1. What tally of residues in region 75-99 results from selecting those that are over 14 Å from Met32 (Cβ atoms), surrounded by fewer than 16 Cβ atoms within 10 Å (Cβ to Cβ) and modelled with pLDDT of 95 or more?
2. Check Glu10, Glu59, Glu39, Glu69 and return the single one that is touching a strand residue (DSSP E or B) at 6+ places or on another chain (Cβ under 6 Å) and among the acidic types (Asp, Glu).
3. Could you tell me whether any residue of region 57-68 is of a type in the set (S, T, N, Q), surrounded by 15 or more Cβ atoms within 10 Å (Cβ to Cβ) and under 9 Å from the mean Cα position of the chain (by Cα)?
4. If Glu79 meets every condition in (1) farther than 16 Å from Ile28 by Cα; (2) in contact with a helix residue (DSSP H, G or I) (Cβ under 9 Å, 6 or more places away or on another chain); (3) among the acidic types (Asp, Glu) apart from one, which number is that one?
5. Would you confirm whether any residue within region 69-83 is out of contact with any Ser or Thr (no Cβ under 6 Å at 6 or more places or on another chain) and of a type in the set (Ser, Thr, Tyr)?
6. If you go through region 28-52 one residue at a time, how many are under 28 Å from Met1 (Cα atoms), out of contact with any helix residue (DSSP H, G or I) (no Cβ under 7 Å at 6 or more places or on another chain) and buried (at least 18 other Cβ atoms within 10 Å of the Cβ)?
Amino acid sequence: MNYVNISGLEVMDILKSKMHPILKYSLIDMGMIRDIIVEGKEVSLTIVWPTADFPNKDEIHQSILNSIENLGAKVSIGEILMSKEELTLYRKIEAGDIS
């Protein structure tokens, strides 16, 4: 595959459109995508899961991967679990307590 240079703005536009499958909040806003690095033709990021058995995990991963690859970039995606603090914030959002 021939990779092309892409901008951080292009990547962020795509990532902001990726929604939590149930809550319909952006995965970016929920803190589930971080460590985003765009360097020329390469993009790396980390998906932060609330639980190891998060629903639709594979579909979300593949959707992010495909969307960025469709820009022409080489993509590397890491995956980790949320810390206790991150999980507490996630649960508040999940409960609708986002004040």
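The values are calculated or read from the model by the stated rules, or taken from the named source; none is laboratory data. Not measured: the values here are computed from a predicted model. Neighbour counts are summed over all protein chains in view; Cβ atoms, including those assigned to glycine, are modelled from backbone coordinates with ideal geometry.
1. So the answer is 2.
2. From the options Glu10, Glu59, Glu39, Glu69, the qualifying one is Glu69.
3. For region 57-68, residues of a type in the set (S, T, N, Q), surrounded by 15 or more Cβ atoms within 10 Å (Cβ to Cβ) and under 9 Å from the mean Cα position of the chain (by Cα): absent.
4. Only one criterion is unmet by Glu79, namely (1).
5. Among the residues of region 69-83, at least one is out of contact with any Ser or Thr (no Cβ under 6 Å at 6 or more places or on another chain) and of a type in the set (Ser, Thr, Tyr), which makes the answer yes.
6. 1
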